[in-house]
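The values are calculated or read from the model by the stated rules, or taken from the named source; none is laboratory data. Here the structure is a predicted model, which is why all the values come from computation and not from measurement. With ideal geometry, Cβ positions are generated from the backbone for all residues, glycine too; neighbour counts draw on all protein chains shown. Note: accessible area is taken over every heavy atom of the protein model, side chains too, but ligands, DNA and RNA are not part of it. Shrake-Rupley method; radii C 1.70, N 1.55, O 1.52, S 1.80 Å.
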Amino acid sequence: MPRIAIIGGGISGLSAAFTLEEKRQSGAEIEYVLFEAAPRLGGVLITDRVDGCIVEAGPDSFVTEKPWASDLCRKIGLGDQLIGSNDADRKTYILTHGKLVVMPDGLMFMVPTKILPTVFSPLFSLRTKMRMATEWFHPPHKASADESVAQMVERHYGAEMVDRLADPLLSGIYGGEASQLSVRAVLPRFADMEAKHGSLGRAMLAARSQMAHSKAPPRPLFTSLKEGMQQLVNTLVERLDPKALRTSAPVQSVTREDDGWMVSAGYQSDHFDAVIVAMPARASSALVQLADGNLARELGEICYSSSVTVALGYDEKVRRSLPPGFGFLVPRCEGRRLLAATFVHNKFPHRAPENRALLRCFLGGASVEQVLDSTDDQILDIVRDELRQIISLNAEPLFARVYKWKSAMAQYSVGHLERLVRIQSLCQKLPGLALAGNGFTGIGVPDCVRSGTEAASKILSEIGLWSAA
């Protein structure tokens, strides 16, 4: 009977395990064992309940447009638990010269598709607005090599657009900087639009027009679960074979043998026919060092950033005083340590009672490494001081929670896709090995679900147990 090891019990590893469990339940004779170093499964998907509020330690939702997480939820019986963001009240602010300025209507990500709202917005200088107008005549351009998001955006709209919009938007997603992130890996759609249309504005307008003619009802931008993101983890674990799950079981190494793989965990080693490594790329690097030094080196060059999430609960008076909308982003040029804050009670109203305000604040980037060594109280002091300066929030919170995530967010730097090609080529020389996680083709929950599912499918195919049916 083929035996498969899964190393890593985050959402990628759990998705891989579920794919194998489905095959086992259908009658296939396979055995799998999932190893997780931590005492719990689920990685960054942690939901707490505090004072009637649903508090997310990690991701609070996922992008609806990417179907893999929603599809998995429906498959495991959580379809009726899926909820959408309150897009009727969606409004995002950018901190500009110390004041919150609403993002103008018609911006699709960072591309303006409506002239008047952008022209009258104080977010941009006259020079940048002129660049936006001339961008409509930008000729088609196909870059000969990969470049950073900042380089592409600056070519179209100028440096101010990078500082005021591109960088804070990407910081909120990746915790990284537009000057470091690969446009082909992070925004492949933009690279395609530039090659085909030239002007990103014209390309986005064409896409918007196509969407307007679609008969499908508009979908919410974000999707989550009624009881929080950990509901996905809990339900997945319930669907797995409990005898296959080993928590508090760190794996030290995986080594290739003539007839399979040896997995060393603690003082024990066990033989498997195949291995799925579903860990951050740098941790995976150390794990496969004995199997292939070149693969280990490539994996080790995928960078990660750290972040801190702070949840704050307030009373009804504070809720009434906060600006409407989903929250605000903070450009680095503003000199703050906060990257963003979400007004959760507006984005997902069911996350908090009507007499509570729930805020999620984010710190990240290079400066956060120093913050990680601070105490929770020191971090709270930083966050509360900046909230006081930005939105005049002086009230004492009813509760506060601090969550630290060391090296949790993969950074797709320039040349990332070329590195993935090299990694894939090296993996092809190691039959029975598959990689999964947020270090490769997407950092969001849907991307991780897809990554784990595809890794398991690859292994099943190699051992002759996979079919599209």
Query raised in the report: How many residues are assigned to a loop (DSSP other than H, G, I, E, B), of a type in the set (D, E, K, R) and free of Cβ contacts under 8 Å to residues at least 40 places away in the same chain if we restrict to segment 21-38?
Result: 1
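Which of the helices (runs of 4 or more DSSP H) found entirely inside segment 146-216 contain at least 1 residues meeting this: over 27 Å from ARG127 (Cβ atoms), open to solvent by 50 Å² or more (accessible area, probe 1.4 Å) and modelled with pLDDT of 90 or more?
Details: elements: 149-157, 167-174, 183-186, 188-197, 200-212.
In segment 146-216, 183-186, 188-197 are the helices (runs of 4 or more DSSP H) which contain 1 or more residues that are over 27 Å from ARG127 (Cβ atoms), open to solvent by 50 Å² or more (accessible area, probe 1.4 Å) and modelled with pLDDT of 90 or more.
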Query raised in the report: Quick check: is even one residue across segment 19-29 open to solvent by less than 30 Å² (accessible area, probe 1.4 Å) and modelled with pLDDT under 95?
Result: yes
Query raised in the report: Which of the residues spanning segment 96-128 are open to solvent by 40 Å² or more (accessible area, probe 1.4 Å) and at positive phi?
Result: HIS97, PHE109
Query raised in the report: So is SER425 open to solvent by 30 Å² or more (accessible area, probe 1.4 Å), among the hydroxyl-bearing types (Ser, Thr, Tyr) and on the phi < 0 side of the Ramachandran plot or not?
Result: yes
Query raised in the report: Yes or no: SER367 touching a Ser or Thr at 6+ places or on another chain (Cβ under 7 Å), within 21 Å of LEU170 (Cα to Cα) and of a type in the set (Ser, Thr, Tyr)?
Result: no
Report summary line: Exactly one of ASN355, ASN394 is touching a helix residue (DSSP H, G or I) at 6+ places or on another chain (Cβ under 6 Å), free of Cβ contacts under 8 Å to residues at least 60 places away in the same chain and under 18 Å from ARG336 (Cβ atoms), and that residue is ASN394
Query raised in the report: Before we move on, is PHE348 open to solvent by less than 10 Å² (accessible area, probe 1.4 Å) and either of a type in the set (Lys, Arg) or touching a residue at least 24 places away in the same chain (Cβ under 8 Å) (or both)?
Result: yes
Query raised in the report: Among LEU387, LEU430, LEU417, which is the only one that is in a helix (DSSP H, G or I) and open to solvent by less than 30 Å² (accessible area, probe 1.4 Å)?
Result: LEU387
Query raised in the report: Quick one: how many residues across segment 362-381 are farther than 15 Å from SER306 by Cβ and surrounded by 16 or more Cβ atoms within 10 Å (Cβ to Cβ)?
Result: 1
Query raised in the report: So which residues in segment 39-78 are of a type in the set (Asp, Glu), assigned to a strand (DSSP E or B) and open to solvent by 20 Å² or more (accessible area, probe 1.4 Å)?
Result: ASP48
Query raised in the report: Listed residues SER407, SER451, SER457; which is under 23 Å from ALA5 (Cα atoms), surrounded by fewer than 22 Cβ atoms within 10 Å (Cβ to Cβ), within 27 Å of the chain's Cα centre (by Cα) and touching a residue at least 24 places away in the same chain (Cβ under 8 Å)?
Result: SER457
Requested in this report: Select from segment 79-126 the residues that are in a strand (DSSP E or B) and among the polar types (S, T, N, Q) and write down the one among them that is nearest to GLY201 (Cα to Cα).
Outcome: THR92
